[in-house]
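J.: Here it is, the structure, as structure tokens.
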Amino acid sequence: MSTLLVTGGAGFIGSNFVRHALANTDHDVVVLDKLTYAGNLASLGGLPPERFRFVRGDIADAELVADLTAALDPATDAIVHFAAESHNDNSLAAPRPFVDTNIVGTFTLIEAARRRDLRFHHISTDEVYGDLELDDPARFTERTAYRPSSPYSSTKAASDLLVAAWVRSYGLRATISGCSNNYGPHQHVEKFIPRQITNLLRGDRPKLYGTGRNVRDWIHVDDHNSAVLAILERGRIGETYLIGANGERSNLDIVETLLELLGRPRDGYDLVGDRPGHDLRYAIDATKLRTETGWTPRYTDLREGLARTVDWYRDHEDWWAPQKAPTEARYSEIGR
Ligand code: NAD
Ligand code: DAU
């Protein structure tokens, strides 16, 4: 491959992917991103202009997508599709943009990809499988039935089904990956870990939904992105691969670790109202990915990864400060 068209490359995972791909491969990168509230050009600063180009636009704009894909070579190039409305709380308050971007946007991209026979990789999520009981010995695998809970996860599930159908009916050369919860630099302050870190850095208290017993399976964003590259290079067309790094922790555990890392008392958090339909637990079995591609995660010590993430937010207040007040105002409106 020589050029990757990366949708959503100004967001959290996409911007980390762009840096990772430029540093670890010979590919050039073109980013297509609408710059919604979640996109930030500052996350793409300092990249080499001879290998990187940014295009502002909507993945649901068929004409723009046709222009960009016309410039790609099916023999060497690929589309890596990160763009999405990604936050569950927003999807509960206003679901329409989730349908427009996650479903219609993905449809627009796969139509363009099939017309030009382009390799396509679709970034999805473990949330399409719904949730697990806390004591369930099972974890999600590629064979788990879809059972999404929220407007966000149901629109991601719909987009996965579109991609799978385009593979079968039109021979689209696509793969799908479903990853667990990511953490790391450049994550929007609306999300759990950056919200709590930036609250603490401002002298405020972390906010835990419900009782804090919900479990997420945390993975460092660089490990997600190295897995995406492994799938692009060695994944089998038509297959789904789950990405996870055995990082299950309760939300309360995470908050207590952050309080300790920032030198605050262990009980210095607030319990707030719960998220409607709140998924209880996610957990990934990544055996297929590991066996077929040889991928392994680098960040296996979650506490160490969180400490580095705290340092990043401490050192980059200029990046997150403009987003903090509007984000907290949105949370106040919903009482969380
Ligand atoms: P994000 O919200 O940080 O970034 C999304 C990006 O997409 C932003 O730059 C935004 O401007 C752009 N975008 C939104 N609508 C667009 C449109 N119509 N056209 C073009 N660009 C548009 O999201 P993220 O956390 O980086 O997630 C990226 C992808 O990874 C998503 O597909 C998400 O479902 C998936 N995912 C996320 C996680 C996680 O923990 N964050 C885990 C698994 C999978
Ligand atoms: O599992 C992958 C998914 O992880 C991705 O598909 C989504 O794009 C991503 O946003 C994330 O979804 P979650 O809903 O799990 O992430 P969020 O950061 O919103 O919340 C993580 C957990 O923390 C969840 O149980 C809700 C809880 N929470 C969240 C916030 C913002 C709190 O307890 N307090 C908070 O302030």
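The values are calculated or read from the model by the stated rules, or taken from the named source; none is laboratory data. These figures come from a predicted structure and were not determined experimentally. Because the Cβ atoms are built from the backbone with ideal geometry, glycine has one as well, and the counts that use them run over all protein chains shown. Protein only, heavy atoms only, side chains kept; ligands, DNA and RNA dropped before computing areas. Shrake-Rupley method; radii C 1.70, N 1.55, O 1.52, S 1.80 Å.
J.: Only one of (1) farther than 24 Å from SER154 by Cα; (2) exposed (fewer than 13 other Cβ atoms within 10 Å of the Cβ) is not met by PRO276, so which one is it?
T.: (1)
J.: Could you say which residue among VAL104, VAL167 is at pLDDT 95 or above and either within 19 Å of the chain's Cα centre (by Cα) or acidic (Asp, Glu) (or both)?
T.: Sole residue among the options that is at pLDDT 95 or above and either within 19 Å of the chain's Cα centre (by Cα) or acidic (Asp, Glu) (or both): VAL104.
J.: Give the residue, chosen from ALA23, ALA94, ALA75, ALA66, that is more than 18 Å from SER159 (Cα to Cα), within 16 Å of ligand 2 (Cβ to nearest atom) and either in contact with a Phe, Trp or Tyr (Cβ under 8 Å, 6 or more places away or on another chain) or free of Cβ contacts under 8 Å to residues at least 60 places away in the same chain (or both).
T.: ALA94
J.: Oh, and also: For segment 277-336, which residues satisfy the criterion of being of a type in the set (Val, Ile, Thr) and either under 19 Å from the mean Cα position of the chain (by Cα) or under 25 Å from SER15 (Cβ atoms) (or both)?
T.: The answer is ILE284, THR293, THR296, THR300, THR309, VAL310, THR327.
J.: Just for segment 191-214: of the residues that are surrounded by fewer than 21 Cβ atoms within 10 Å (Cβ to Cβ) and hydrophobic (A, V, I, L, M, F, W, C), which one is nearest to ligand 2 (Cβ to nearest atom)?
T.: PHE192
J.: Give the number of residues within segment 242-252 that are open to solvent by 20 Å² or more (accessible area, probe 1.4 Å) and away from ligand 2 (no atom under 11 Å from the Cβ).
T.: 2
J.: Say whether the condition of being open to solvent by less than 40 Å² (accessible area, probe 1.4 Å), within 16 Å of ligand 2 (Cβ to nearest atom) and closer than 21 Å to PHE120 by Cβ is met by at least one residue in segment 42-52.
T.: no
J.: While we're here: Within segment 26-38, work out how many residues are touching a helix residue (DSSP H, G or I) at 6+ places or on another chain (Cβ under 6 Å) and assigned to a loop (DSSP other than H, G, I, E, B).
T.: 1
J.: Could you tell me how many of the residues in segment 137-183 are over 25 Å from GLU292 (Cβ atoms) and touching a residue at least 24 places away in the same chain (Cβ under 8 Å)?
T.: 8
J.: Could you check how many residues of segment 39-63 are in a loop (DSSP other than H, G, I, E, B) and more than 11 Å from ligand 1 (Cβ to nearest atom)?
T.: Total meeting the criteria: 7.
J.: When the residues of segment 1-24 are filtered to those that are open to solvent by less than 20 Å² (accessible area, probe 1.4 Å) and of a type in the set (S, T, N, Q), which remaining residue is nearest to TRP312 (Cα to Cα)?
T.: Only one residue tops the list, namely ASN16.
J.: If you go through segment 137-160 one residue at a time, do you hit one that is more than 29 Å from GLU233 (Cα to Cα), in contact with a Gly (Cβ under 7 Å, 6 or more places away or on another chain) and hydroxyl-bearing (Ser, Thr, Tyr)?
T.: yes
J.: Any residue in segment 314-336 that's within 16 Å of ligand 1 (Cβ to nearest atom): show its pairings with residues that are outside any helix (DSSP H, G or I) and open to solvent by less than 70 Å² (accessible area, probe 1.4 Å) at Cβ separation under 7 Å, as long as the two are six or more apart or on different chains.
T.: TRP320/VAL189; GLN323/HIS188; GLN323/VAL189; LYS324/VAL189; THR327/VAL189; THR327/GLU190
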